[in-house]
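Asker: Take this structure, written in structure tokens, and hold onto it; I'll ask about it next.
The values are calculated or read from the model by the stated rules, or taken from the named source; none is laboratory data. All of these numbers come straight from a predicted model, not from anything done at the bench. For neighbour counting, all protein chains shown are included, and Cβ atoms are generated from backbone atoms with ideal geometry for every residue, glycine included. Keep in mind that these areas ignore ligands, DNA and RNA; they rest on the heavy atoms of the full protein, side chains included. Shrake-Rupley method; radii C 1.70, N 1.55, O 1.52, S 1.80 Å.
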Amino acid sequence: MGSHDSILVTVAASLTFIGLCSLPAISSLVLRSRRQDGDRDTYEDADGKATPESVKAFSTKLAKTCILVFANSGFAISLATALLFTHSNGIQLQQWLRTSSWGALLLQSVAITWSRSSVQAYNLGLYSFLSSLALAGVLIIQGTKSAESLLQNNRALFALRVVELGLSICLSVASVSLPRRPDVLHEGEPVDRMYSTTALGRYTFSWPTALLTLASTKKNLDMSDLPRPDHYTRAASTSEAWKKRNSKHPLWLSLLLAHKKAIAIQWFLTLCTSVLNFAPQWVILQLLQTLEKRQPDTSSGVDAWAWVFWLGISIIVGSWLESWLFWMSSAELAIPIRAQLGALVFEKSIRKKDIKGVSKSKETPTEPSEGSEPNGTKPTEGDDADELKQSKQSTVNLIGVDARRLGDFASFQYMFPGSLFKLIVSVAFLISLLGWRALFAGFSAMLAIMPVNIYFSKKYAAAQDRLMKTRDKKMEVVTEALQGIRQIKFSALELDWENKIRAVRERELGAVWDVYVADTMLLACWITSPILLSAISLAVYAYINGSLTPSVAFVSLGVFKALEVTLSIIPELTTDVLDAWVSVKRLEEYLNSAEVSRISKDGEEVKFDRASIAWPADDKTNEEDRFILRDVSVNFPKGELSVISGKTGTGKSLMLAAILGEVDVLEGTLYVPRAPPLAVRHDHKANKSNWIIPEAIAYVAQIPWIENASIKDNIIFGLPFDEDRYKKTVEVCALEKDLEMLSDGENTEIGANGINLSGGQKWRTTLARAIYSRAGILVLDDIFSAVDAHVGRHIFEKCLNGELATGRTRILVTHHVALCEPKTKYLVELGDGGVLNAGLLSELRQGGALQKIKSHEQSSEQIEADESVTAVNSEGSTDDDGNEDAGNTLAKVMSKTAARKFVEEESREKGAVKTRVYSAYLNASGGWIYWTVAAFVFSLTQGFTLGRSWWLKIWTSTYEDQHAGAQHVEDHSLGHSFYYADGVRQTSLQAASGPSIHFEKGLKFYLGVYVGLAILGCIISTAKFFYIFFGSLKASRKLFAEMNFTILRTPIRWLDTVPVGRILNRYTNDFSVIDSQLAHSFSFGFNSVLSLFTVILAGLVVSPYIVGLALVLLLICLHIAITYIVAARPVKRLESNTKSPVFEQFGSSLTGVATIRGFDKAEVYIERMYKKIDDYSTATWHLWLFNRWMGWRMALVGSVFSSFVASLILLTPGIDAALAGFALAFALDFSSAIIWTIRLYSAIELNMNAAERIVEYTELPTESLDGISPPAAWPTGGRIEVDNLVVGYVADMPPVLKGLNFSIDSNERVGVVGRTGAGKSSLTLALFRFLEARSGAIYIDGIDISKIKLHDLRSRLAIIPQDPVLFSGTIRSNLDPFDHHTDAELRDCLERVHLITDSENSSGSATPEPESSEAATAPKNTNVFKNLDSPISEGGLNLSQGQRQLLCLARAIVSRPRIMVLDEATSAVDMHTDGLIQRSIREEFTDATLLVIAHRLSTIADFDRVLVLSDGCVAEYGTPRELWEKGKGGVFRGMCEESGEKEKLKAVIFGEEH
């Protein structure tokens, strides 16, 4: 009667549950009867919109029909059973309750069928599934109780019950077979199908099957094959959700609240898995206890088989919950959080104050730098945080490292509650098994190890922190080297920079080793603790109870193993928490940093009213450390041309930055018209009538910022294409000729930062962008310094004062006041930290101030000829627009060949990682001997694991035998011994251990051997990690050295076509994988393979049939694994490749942030970044999805193996509980061993992708490293002979220099002139052998330069490029990086270029453009160059362009070369300083041969000789007087005539004026 009652209660409870599940169905039916039908032909939700095709393809008819049929059939059969078969009252009631359940299910099925909304039907299907499952459970419980009697007495009823059970299972499957919605598209691209597929597909990870099949078919996957992320994961949506929440809490709490739902589900699933993880152990306990009671030679009863069934079920359910936990942790937390933080950091960077200066006082950084304070006041190692302060790279790390780390942490933080839940469950389980005393004794051993654990956790955290800092530093140094690579190559400093990078790398490897050591010691604690815990607990238990049964020993061992994972993870989690905390603080500090706020008031005109302005600085910078323009009162007239002039470094760019809102206003007021927001401009509707927006601003920066896009795209800059306007813009900006020279014309793709354009082309492209724009206010910084005289006049007349500029307010910074005078309305002269003169030009002319200003600048005649193309090309670009400067190298190449892309797509290997990559890595880490020893050590470790369990089997079987002998001494002792002995003989493994079973051995003996095996195992396990880490470090060092060597010596052309971000990715991300992850993957991968063999070996003990089954299951696993790896491999490569554009876009936008904000284009760039982050998320999402697809299927296979082993144990009567316990303890690990083997194999495969990318770069072609060494003093004279020189950029293109012949004598000063494209830059490149001669030769002091080593050639020549390249450090480190000269010599050189003079203020006295780091006494700004330790920020950005050029000139003077090339090196300095410098050059380089590529004819008019090039040939060569006297037919004479300063030039040439 009791069992009837319990079944009745179960049935009633299930009916209640089914009733509750029916409430949504009832609700939907009621609402459905009241509601009008919606449009069924369309579907749209937050994820996207369905297309007519996908709506048409979508159907739920089959599933709904099945649901209705199964529910009706089940109800009918249940009703028939209740009516036809009469039972006792109790059973009758059960039957009617079941029928009621079927009635509720029928109601649910009607609601599903009737529902017009696919999403609602899907949700109702889930309730129906749960209801059907509950009913099936009741039927199984009833069936097990009554199956035997029904089978004997009432077969018809038995058959109906079976059919009813079958229908309930079919109904449950049909209920989850309803697709949720049609496939939807977002912005024309398909969205991931997780929310489109059926519940069955979703919860068994089946929706990517089509993608996996595609991968298997084409052996590859491309980005276009992967569906886009849903709205929970999209960067734009996550960012929008964050802003809507507008949380004022700390960042970590805001993240927690933003994702509380996902975290709550994650924690709930964790609780369930924590309990279910121990379910298989509990089932095995019941099974072993059943076996312990089993009489020898008897078959197992129904109870034992029931436990086998539950073993399979518990493993499957546990695995499914765990799989789903892993999936939602990555899909709903890791990826969205990473995308969200990435988007927020980028948005912040677009809005953040641009603090470029390097503060003299070393204080806490504003930009996060790994979270700890610097500890010194000098830029020493400990000062890393400060050195990184303004580094853009550490900002990029916020997305690359910190956002990813926080996302990862969010995905596994559930392990904290998980560990606690598991600890509680396992302790409760163990207390019931062993008793509290035994467990307490075990835990006391763990407590003894705890202090060691804590000590090494702290060491690990500190080492990790140090590692992050050194990585930041390495990234900064590498970035700087790559950005200044042209200067490095021109100066032959590759070796020095290689050593500099190597030094930082050695510091990084030192930190990596510290991390490894701490990590290994933590691993040692984690390995030792659980082993000691189990050994001591079992020993105490055996001592207290006098025996140790197999059920207790093996089950407790299983629980201890689970506990081992739980406990071992706690210290690692602690270090991860610390890492995440560092990252969250860095991110929070950055996200809370100052933003650009509106510093101006609205006004009709741009006006400064007693304003004091300075470059943005952090709160910690003292006022005396800043360069300040004080008390500025100017009023720029609307719709007119205004000019700002002043000497180098007087704050001209600062004034423009103020108009853009990029400065701090310390006093006074600034008025600027307020532009309408981007959203209300309706750019896409712009036409001729409404094109100009009077308040909008366009900005041309002093350093042109150009995107990696076509020339046309750079000019249009996202506006609609107006052909007339575009053509006029190109014409007035003098770009027509340039576009003609390029075969792709306006569609020519420009490399990152305009690398393949000459200086002039870059400047004119950015000017065209401003002219084409809709802005009514044009803010132009020094546009004439980059163009030839005739081009300058053309731009002034046709562009600045032409049709397109009429009516626009133009505010121009220039040194060329005379050129601009005719059309200028308003003029400002800056100097001495303020405004010297300001007013309408007419007023200044009357007051005599204009004449004074012009005397500081250039005359109008000079201006016309003097202006030049000196641009921003670190190569010595020279042709104003010439397609020739070094970077331009490529412009020509690209233009003449079919290749349309300048920056090639990043290459991606296909298929498995090549064997040569493995062999390269394995050889680098130590070769075959090293890995053979590794294999032996790992095998030994597994041997100890197996040995320990086998010894436990021997130990427990002795007690079992004693127990059996005592119990069955009369009847069974002989039989039992016989069967036992027979069982022993079944396998060789048992036979080997048979003789060791002697009852006389005491507890101490067994315990001693067990503990001995445990301790030896611990020692060897720890040693193997040290061993692997050591090899890993060796490989890291070797591969880095090879790649570093190669990259610094690759041809400049390759470096031009590859974005810096892509190379940086190799140096940072790929090497951090090789440093930190690959060693783990190899060691744990080794372990997993051996574990798999151990599991199969342990199973062999039970039955040889296990091998057959294991092989079949392994083949199934192999199929799953291959399918997985074929898809995961290309997706992992895609993930690597989608990461680079995120970094590139971030770096590029940080560089051009002033331009982006000036044009008010922030939103456009944010949208673009969202797209790139989404690409990255898509790749990661699919990587995890494929992983879960594989993991869940492997778990199913594992449950089959465990159930099969358990079944064989029951079918083999000779197997005792000890042997069964031994086999089952390992059998449970089958699926995890296989999963880990495959996971780690694929981890090795995927991580080897990093090695593959690095090996690819180590094999790049380098510049020639051969040649003879010239004499030590060469060149002694400096004589240059060019003999029939033919040079071209690419083999299959016509040459650019066509048979040049000329010679230059020692110490001669030769000017090189020629029109755009004449070959001036190509000559420089040929001289430095960036272009190798096709025929002919260049001789220096009689030695053919093609025969000597490149390093020797370049180190003996010097070039001052037009674009100054400085490195971060100090003035001293830039002048003399390797300490070859005294301070006095360095100061002397600074004086010679007029950066310092004997008096306090000199022409260069003013201060850095973005912010001086030298102190200033109140209103005066002191000269930063007086102190050689004055810091120089990254790229020299805290100096003005003019100051940078002068510092480069000083650097060249320091080295005193015999041959020097000047590429119009003073374009950005004021005329007075330029005159002084020209004089210095004449005086300083009397003992050097000087080759000056000139655009200002006055610069070279008094030179010894002039070389005139035309179309790659020598047009004229001789003294200036000879060339003049050729008459008007001469090219040089013609240029002089055109220059507008004919008389002045004539006077200089004929020596009448100096």
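Asker: Tell me which residues, restricted to the range 687-719, are among the small types (Gly, Ala, Ser) and either in contact (Cβ under 8 Å) with a residue 12 or more places away in the chain or in contact with a strand residue (DSSP E or B) (Cβ under 8 Å, 6 or more places away or on another chain) (or both).
Answerer: 696, 698, 701, 709, 710, 718
Asker: OK, next. Taking residue 1416 and the conditions (1) within 14 Å of residue 1390 (Cβ to Cβ); (2) at pLDDT below 70, which numbered condition does it fall short on, given that it satisfies the others?
Answerer: Failing condition for residue 1416: (1).
Asker: Starting from residues that are open to solvent by less than 50 Å² (accessible area, probe 1.4 Å), modelled with pLDDT under 85 and not aliphatic (A, V, I, L, M), keep the ones in the range 1504-1525 and report whichever is farthest from residue 1463 (Cα to Cα).
Answerer: Out of the qualifying residues, it is 1524.
Asker: Starting from the range 435-453, take each residue that is within 16 Å of residue 557 (Cα to Cα) and list its partners that are among the aromatic types (Phe, Trp, Tyr), counting only C-beta distances under 9 angstrom and pairs at least six apart or across chains.
Answerer: Filtered contacts from the range 435-453: 435/541; 438/541; 438/543; 439/541; 441/541; 442/560.
Asker: I've got another one for you. List the helices (runs of 4 or more DSSP H) inside the range 263-377, counting only whole elements, that have at least 3 residues being at negative phi, surrounded by 18 or more Cβ atoms within 10 Å (Cβ to Cβ) and at pLDDT below 85.
Answerer: Qualifying helices (runs of 4 or more DSSP H): 279-293, 302-329.
Asker: Just a yes or no: is a residue in the range 1308-1321 in contact with a Ser or Thr (Cβ under 7 Å, 6 or more places away or on another chain), closer than 15 Å to residue 1492 by Cα, open to solvent by 10 Å² or more (accessible area, probe 1.4 Å) and at pLDDT 85 or above?
Answerer: Yes, the range 1308-1321 contains at least one residue that is in contact with a Ser or Thr (Cβ under 7 Å, 6 or more places away or on another chain), closer than 15 Å to residue 1492 by Cα, open to solvent by 10 Å² or more (accessible area, probe 1.4 Å) and at pLDDT 85 or above.
Asker: Something else now. Find the residue count for the range 792-818, including only residues that are open to solvent by 10 Å² or more (accessible area, probe 1.4 Å) and under 28 Å from residue 1494 (Cα atoms).
Answerer: 5
Asker: Keeping to the range 490-506, report how many residues are open to solvent by 30 Å² or more (accessible area, probe 1.4 Å), assigned to a helix (DSSP H, G or I), closer than 15 Å to residue 1373 by Cβ and among the hydrophobic types (A, V, I, L, M, F, W, C).
Answerer: Keep residues of the range 490-506 that are open to solvent by 30 Å² or more (accessible area, probe 1.4 Å), which gives 491, 493, 495-496, 499-500, 502-503, 506.
Remaining after also requiring assigned to a helix (DSSP H, G or I): 495-496, 499-500, 502-503, 506.
Then keep just the ones that are closer than 15 Å to residue 1373 by Cβ; that gives 496, 499-500, 503.
Add one more test, that the residue is among the hydrophobic types (A, V, I, L, M, F, W, C), and what stays is 503.
Of the residues in that region, 1 qualify.
Asker: Would it be correct to say that residue 181 is among the basic types (Lys, Arg) and without any contact (Cβ under 8 Å) to a residue 40 or more places away in the chain?
Answerer: Here the answer is no, as residue 181 does not meet what is asked.
Asker: Counting just the residues of the range 187-210 that are assigned to a helix (DSSP H, G or I), open to solvent by 20 Å² or more (accessible area, probe 1.4 Å) and not small (Gly, Ala, Ser), which one comes out nearest to residue 173 (Cα to Cα)?
Answerer: So, considering only residues that are assigned to a helix (DSSP H, G or I), open to solvent by 20 Å² or more (accessible area, probe 1.4 Å) and not small (Gly, Ala, Ser), the one nearest to residue 173 (Cα to Cα) is 200.
Asker: Turning to a different aspect of this structure: Can you spot a residue in the range 1188-1204 that is charged (D, E, K, R), touching a residue at least 60 places away in the same chain (Cβ under 8 Å) and under 23 Å from residue 201 (Cβ atoms)?
Answerer: yes
Asker: Next question, about the same structure. Looking at this structure, is residue 678 modelled with pLDDT of 85 or more and either under 22 Å from residue 1442 (Cα atoms) or not acidic (Asp, Glu) (or both)? I'd like the intermediate steps shown before the answer.
Answerer: Working: modelled with pLDDT of 85 or more: no; either under 22 Å from residue 1442 (Cα atoms) or not acidic (Asp, Glu) (or both): yes.
No.
Asker: Taking into account only those residues within the range 801-819 that are closer than 19 Å to residue 1441 by Cβ and modelled with pLDDT under 85, which is nearest to the chain's Cα centre (by Cα)? Write out each step before concluding.
Answerer: So the first thing to find is which residues in the range 801-819 are closer than 19 Å to residue 1441 by Cβ, and the list is 811-817, 819.
From the residues that got through so far, the ones that are modelled with pLDDT under 85 too are 815-817, 819.
On the way: 815: 43, 816: 46, 817: 48, 819: 49 Å.
Checked the range 801-819; the qualifying residue nearest to the chain's Cα centre (by Cα) is 815.
Asker: Please go through (1) assigned to a strand (DSSP E or B); (2) crowded, with 23+ Cβ neighbours inside 10 Å; (3) out of contact with any Phe, Trp or Tyr (no Cβ under 8 Å at 6 or more places or on another chain) for residue 1336 and return the number of the only condition it doesn't satisfy.
Answerer: Result: residue 1336 fails condition (2) only.
Asker: Moving to a separate point now. What are the residue pairs meeting all of these: first residue in the range 94-108, first residue more than 17 Å from residue 161 (Cβ to Cβ), second residue open to solvent by less than 30 Å² (accessible area, probe 1.4 Å) and outside any helix (DSSP H, G or I), Cβ atoms under 6 Å, and 6 or more apart or on different chains?
Answerer: none
Asker: Could you list, ordered by first residue, the pairs with Cβ atoms under 7 Å in which the first is in the range 417-432 and of a type in the set (A, V, I, L, M) and the second is open to solvent by 50 Å² or more (accessible area, probe 1.4 Å), at least 6 apart or interchain?
Answerer: 425/275
Asker: Say whether the condition of being more than 30 Å from residue 1137 (Cα to Cα), polar (S, T, N, Q) and in contact (Cβ under 8 Å) with a residue 60 or more places away in the chain is met by at least one residue in the range 1247-1257.
Answerer: No, because not a single residue in the range 1247-1257 is more than 30 Å from residue 1137 (Cα to Cα), polar (S, T, N, Q) and in contact (Cβ under 8 Å) with a residue 60 or more places away in the chain.
Asker: Hey, does the range 830-853 have a residue that's at pLDDT 85 or above, part of a strand (DSSP E or B) and β-branched (Val, Ile, Thr)?
Answerer: So far as the range 830-853 goes, yes, one or more of its residues are at pLDDT 85 or above, part of a strand (DSSP E or B) and β-branched (Val, Ile, Thr).
Let's see how each residue does on (1) part of a loop (DSSP other than H, G, I, E, B); (2) at pLDDT 65 or above; (3) of a type in the set (Ser, Thr, Tyr):
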position	(1), (2), (3)
1388	no, yes, no
1396	yes, yes, no
1408	yes, no, no
1422	yes, yes, yes
